[in-house]
């Protein structure tokens, strides 16, 4: 996606959010105000992206992880709390999925091992028939 398309997407989203707030609060936003909000938002996103990249690089990683995002959000207590909560929920959900997958794989391997034992027995009985 090109930079211009990203900027357009941010502008569109800012416009939609401003429209929701305007309806809720019974106020109006000028086009210049919406443009300013979208420009500031885009600039802040660029800063966030650079910071996240630097946090990961400082930790000698090439991948940004949740700890980097928490570090970025450290100045906003409510945002940090929200991100931490969501991170814990995701970790818990991932752990449950891994356990389900492990149980499923164990069940399949038990089924295979009993099947594998039956086949040699059948081969032995076939040898006896001949």
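Pairing each residue of the stretch 1-23 that is modelled with pLDDT under 95 with any residue that is part of a helix (DSSP H, G or I) and surrounded by 11 or more Cβ atoms within 10 Å (Cβ to Cβ), provided the two are 6+ apart or on different chains, yields C-beta distances under 9 Å for 1/9.
Residues are listed down the side, and each one gets a yes or a no for (1) buried (at least 16 other Cβ atoms within 10 Å of the Cβ); (2) closer than 25 Å to residue 86 by Cα:
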position: 19; (1), (2): no, no
position: 24; (1), (2): no, no
position: 30; (1), (2): no, no
position: 33; (1), (2): no, no
position: 46; (1), (2): no, yes
position: 59; (1), (2): no, yes
position: 63; (1), (2): no, yes
position: 68; (1), (2): yes, yes
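Looking only at residues of the stretch 49-68 that are assigned to a helix (DSSP H, G or I) and touching a helix residue (DSSP H, G or I) at 6+ places or on another chain (Cβ under 6 Å), we find that the one that is nearest to residue 88 (Cα to Cα) is 66.
The values are calculated or read from the model by the stated rules, or taken from the named source; none is laboratory data. If you're wondering where the values come from, they're calculated on a predicted model, not measured in any experiment. Neighbour counts are summed over all protein chains in view; Cβ atoms, including those assigned to glycine, are modelled from backbone coordinates with ideal geometry.
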